[in-house]
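**Student:** Please read through the structure below; I'll follow up with questions.
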Amino acid sequence: MAMTMTQKILAAHCGEKEVKAGQFINCDLDMVLGNDITTPVAIKEFEKMGIDKVFDTKKVSIVPDHFTPNKDIAAAEQCLCVRKFAHSLDIENYFEVGEMGIEHVLLPEKGLVIAGDLIIGADSHTCTYGALGAFSTGIGSTDMAAGMATGKAWFKVPSAIKFNLIGKFKKEVSGKDLILHIIGMIGVDGALYQSMEFAGEGIATLTMDDRFTIANMAIEAGAKNGIFPVDDKTLEYIKVHSDRTPVVYEADSDAEYEKVYDIDLGTLDYTVACPHLPDNTKLASELSDIVIDQSVIGSCTNGRITDLEAAAKLFEGRKVKKGVRTIIFPGTQKVYLDAMEKGYLKTFVEAGCVVSAPTCGPCLGGHMGILAAGERAISTTNRNFVGRMGHVDSEVYLASPAVAAASAITGRITTPEELEQL
Amino acid sequence: MKLKGNVFKYGDHVDTDVIIPAQYLNTADPKELAKHCMQDIDTTYASKVQDGDIMVGGINFGCGSSREHAPLAIKGSGASCIIAKTFARIFFRNSINIGLPILECPDAVDGISTGDVVAVDTDTGVIKNITTGKEYQAAPFPPFLQNIIELGGLVKSIAKN
């Protein structure tokens, strides 16, 4: 029977020749991931199992990134719990402040996840690694505990929706605009329990960073995973970042899809998700009277070097609007260093932005940029739920780095082209 | 398992940030989490909910984060089960893994209002609205999941196997 790319990876990891949608399977895991919020709960469950070692010390990654550097005493206690656990069980991929980054920017950069892998992570944006041609999905803390103990996880084999991409982006339109457009089109439960499989010649025009952004937000459409075919760009990325050999899977040409969407990248424009759901999308050009108090650029969605480049290009020689707090979050220490070497950090500081250490920070209303009642942010993050970035009466508009930067400069939602004309 | 309680009903796309806002994720104690459960959309839930009460939601209940603190907060608040039209997938897994009964039944959701008294039989999937007298049938779990639930959650099922 013909299989999707996702189904092929799942089949290979459960020892079956083929699997079909709806089937329950038990799969071998190549990586189990957790952070400072989800790992403490997993540790409790792990300890209940009465075992004292993980299935493979190389195949567990723990990245304290949410409330770090420790935002308060309770967060410090959680990080201490995670640190002790990682050290006592000799977990190799534990990343302390100073070497850590935002988990979904860090793991690909460290070469810990590559094409053909099956990854679970106790963080919903674990689906990011589909950009590399891996099956990766978010799970909870109990699944993380079970995964660490046994090296296995259960799955219901998903059906899939195919997104056939043609053409290429115009202007500064990016992967963020594409994924917001898709979520707006299919809804926040448009891919519930399903895979989002990307295909078509348009993929070759997407940078790896675009692909990470797109796969990252598959969960915002309810999807189990988002996945890209492996091409020369993927293989080059993996060669630079990992010593491991990727395994390349391809969807069968006659694989079944629940739906197929054809999208011409050249027809897309700057897209913004308005409060309070990621599918509440409008064109940025329709929102030019929306005044902002804060602009956030970074996160697991848009904290990579080309994201910072897109923002720095617009900040060069300009200043943020007085009163607009603009906070830049490089995804990892490496992204931070690269941004420094390319001069972006200087550009940001001279423009009046503040540059933070890598952290999830304000994306989830944790710290480093919380909103008060009545305040509004434009943000390159991934969720704009009620109270997501702070007070229940605050608002978040989701956008690309270019739109968030242009908006920081004018103090209202602005496209890069409009900025050039001002 | 037979459950009975007063209903707290919410709309579509109830997300994990409203079930338990991230600012409270610096603890994993269900009782502590329960104090802030639902507060961003219902400031009275935490003070009104009684042991055994039933939460009802629309489509895509529990969308958003993977935080297991969300079903833990609901369980910690005393709610005995959740009935929704559909659940977001990570929330669905987490609820099964921690042993919080969940049922998908669109008809029941449409026929139940806040304040109704509802009885649920999780073994048969029969949902009875005692206030209106109407009965609904939720789809049973596939045997694979039923096995995890019957053994008391994922950790216990692994220990057993």
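The values are calculated or read from the model by the stated rules, or taken from the named source; none is laboratory data. Please read all numbers here as calculations on a predicted model, not as lab measurements. Using ideal geometry, Cβ is built from the backbone for each residue, glycine included, and neighbour counts are taken over all protein chains shown. Accessible surface areas use protein heavy atoms only, side chains included; no ligands, DNA or RNA. Shrake-Rupley method; radii C 1.70, N 1.55, O 1.52, S 1.80 Å.
**Student:** Check whether at least one residue in the range A:101-117 is under 17 Å from A:ILE219 (Cβ atoms), touching a residue at least 12 places away in the same chain (Cβ under 8 Å), touching a Leu at 6+ places or on another chain (Cβ under 6 Å) and among the β-branched types (Val, Ile, Thr), and report yes or no.
**Tutor:** Yes, because at least one residue in the range A:101-117 is under 17 Å from A:ILE219 (Cβ atoms), touching a residue at least 12 places away in the same chain (Cβ under 8 Å), touching a Leu at 6+ places or on another chain (Cβ under 6 Å) and among the β-branched types (Val, Ile, Thr).
**Student:** While we're on this one: Select from the range B:148-161 the residues that are more than 10 Å from chain A (Cβ to nearest Cβ), at negative phi, out of contact with any Lys or Arg (no Cβ under 8 Å at 6 or more places or on another chain) and surrounded by fewer than 19 Cβ atoms within 10 Å (Cβ to Cβ) and list them in ascending order.
**Tutor:** Result: B:GLU150, B:LYS160.
**Student:** Return the residues of the range A:19-77 that are within 19 Å of the chain's Cα centre (by Cα) and either within 12 Å of chain B (Cβ to nearest Cβ) or of a type in the set (S, T, N, Q) (or both); say none if nothing qualifies.
**Tutor:** A:LEU33, A:GLY34, A:ASN35, A:ASP36, A:ILE37, A:THR38, A:THR39, A:SER61, A:HIS66, A:PHE67, A:THR68
**Student:** Please indicate, with yes or no, whether at least one residue in the range A:298-321 is under 20 Å from A:ASP36 (Cα atoms), open to solvent by 20 Å² or more (accessible area, probe 1.4 Å) and in the same structural domain as A:SER288 (by TED's automatic domain parsing).
**Tutor:** Scanning the range A:298-321, I find no residue that is under 20 Å from A:ASP36 (Cα atoms), open to solvent by 20 Å² or more (accessible area, probe 1.4 Å) and in the same structural domain as A:SER288 (by TED's automatic domain parsing), so the answer is no.
**Student:** If only one of B:ILE90, B:ILE96 is within 29 Å of A:CYS360 (Cα to Cα), of a type in the set (Val, Ile, Thr), within 10 Å of chain A (Cβ to nearest Cβ) and within 12 Å of the chain's Cα centre (by Cα), which one is it?
**Tutor:** Exactly one of B:ILE90, B:ILE96 is within 29 Å of A:CYS360 (Cα to Cα), of a type in the set (Val, Ile, Thr), within 10 Å of chain A (Cβ to nearest Cβ) and within 12 Å of the chain's Cα centre (by Cα), namely B:ILE96.
**Student:** What tally of residues in the range A:365-422 results from selecting those that are in a strand (DSSP E or B) and either under 30 Å from B:CYS37 (Cα atoms) or modelled with pLDDT under 95 (or both)?
**Tutor:** Matching residues across the range A:365-422 total 10.
**Student:** Let me ask something else. For the range A:324-335, which positions are more than 13 Å from A:ASN302 (Cα to Cα) and either modelled with pLDDT under 95 or not hydrophobic (A, V, I, L, M, F, W, C) (or both)?
**Tutor:** Those that are more than 13 Å from A:ASN302 (Cα to Cα) and either modelled with pLDDT under 95 or not hydrophobic (A, V, I, L, M, F, W, C) (or both): A:ARG325, A:THR326, A:GLN333, A:LYS334.
**Student:** For the range B:99-115, which residues satisfy the criterion of being in a loop (DSSP other than H, G, I, E, B) and modelled with pLDDT of 95 or more?
**Tutor:** Within the range B:99-115, B:CYS105, B:GLY111, B:ILE112, B:SER113, B:THR114, B:GLY115 meet the criteria.
**Student:** Also, quick follow-up: Considering A:LYS319, A:LYS346, which residue is among the basic types (Lys, Arg) and part of a loop (DSSP other than H, G, I, E, B)?
**Tutor:** So the residue among A:LYS319, A:LYS346 that is among the basic types (Lys, Arg) and part of a loop (DSSP other than H, G, I, E, B) is A:LYS319.
**Student:** Kindly evaluate B:LYS75 against the criterion of being modelled with pLDDT of 95 or more, among the basic types (Lys, Arg), more than 24 Å from B:ILE158 (Cβ to Cβ) and outside any loop (DSSP other than H, G, I, E, B).
**Tutor:** no
**Student:** Could you please find all residues in the range B:113-143 being within 13 Å of another protein chain (Cβ to nearest Cβ) and surrounded by 14 or more Cβ atoms within 10 Å (Cβ to Cβ)?
**Tutor:** B:PHE141
**Student:** Residue under question is B:ILE74, and the condition is that it be buried (at least 24 other Cβ atoms within 10 Å of the Cβ) and within 14 Å of chain A (Cβ to nearest Cβ); does it hold?
**Tutor:** yes
**Student:** Does the range A:175-220 hold any residues that are of a type in the set (A, V, I, L, M, F, W, C), open to solvent by less than 20 Å² (accessible area, probe 1.4 Å) and within 15 Å of A:VAL260 (Cα to Cα), and which are they?
**Tutor:** Once the filter is applied, which keeps residues that are of a type in the set (A, V, I, L, M, F, W, C), open to solvent by less than 20 Å² (accessible area, probe 1.4 Å) and within 15 Å of A:VAL260 (Cα to Cα), the range A:175-220 yields A:ILE182, A:ILE183, A:ALA191, A:MET196, A:PHE198.
**Student:** Which members of the range A:55-69 meet the condition of being in contact (Cβ under 8 Å) with a residue 60 or more places away in the chain and open to solvent by 10 Å² or more (accessible area, probe 1.4 Å)?
**Tutor:** A:PHE55, A:ASP56, A:LYS59, A:HIS66, A:PRO69
**Student:** Another question about this same structure. For the range A:1-110, please list each of the strands (runs of 3 or more DSSP E) lying entirely inside it that holds at least 1 residues being closer than 30 Å to A:ASN164 by Cβ and modelled with pLDDT under 95.
**Tutor:** Result: A:24-28.
**Student:** Please specify each residue of the range B:104-161 satisfying the condition of being within 17 Å of the chain's Cα centre (by Cα), within 29 Å of A:PHE155 (Cβ to Cβ) and small (Gly, Ala, Ser).
**Tutor:** Matches in the range B:104-161: B:ALA108, B:GLY125, B:ALA138, B:ALA139, B:GLY152, B:GLY153.
**Student:** Filter the range A:136-165 down to residues that are over 15 Å from A:ALA223 (Cα atoms) and in a strand (DSSP E or B), then give me how many there are.
**Tutor:** Qualifying residue count for the region: 5.
One line per residue, one yes/no per condition, for (1) open to solvent by less than 10 Å² (accessible area, probe 1.4 Å); (2) without any contact (Cβ under 8 Å) to a residue 12 or more places away in the chain:
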position: A:LYS8; (1), (2): no, no
position: A:ALA12; (1), (2): no, no
position: A:GLU16; (1), (2): no, yes
position: A:CYS27; (1), (2): yes, no
position: A:LYS71; (1), (2): no, no
position: A:GLN78; (1), (2): no, no
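**Student:** State whether the residues of the range B:55-70 include one that is at pLDDT 95 or above, away from chain A (no Cβ under 13 Å) and either open to solvent by 20 Å² or more (accessible area, probe 1.4 Å) or not in a loop (DSSP other than H, G, I, E, B) (or both).
**Tutor:** Scanning the range B:55-70 turns up at least one residue that is at pLDDT 95 or above, away from chain A (no Cβ under 13 Å) and either open to solvent by 20 Å² or more (accessible area, probe 1.4 Å) or not in a loop (DSSP other than H, G, I, E, B) (or both).
**Student:** Out of A:LEU422, A:LEU398, report the one residue that is touching a Leu at 6+ places or on another chain (Cβ under 7 Å) and farther than 18 Å from B:LEU25 by Cα.
**Tutor:** A:LEU398
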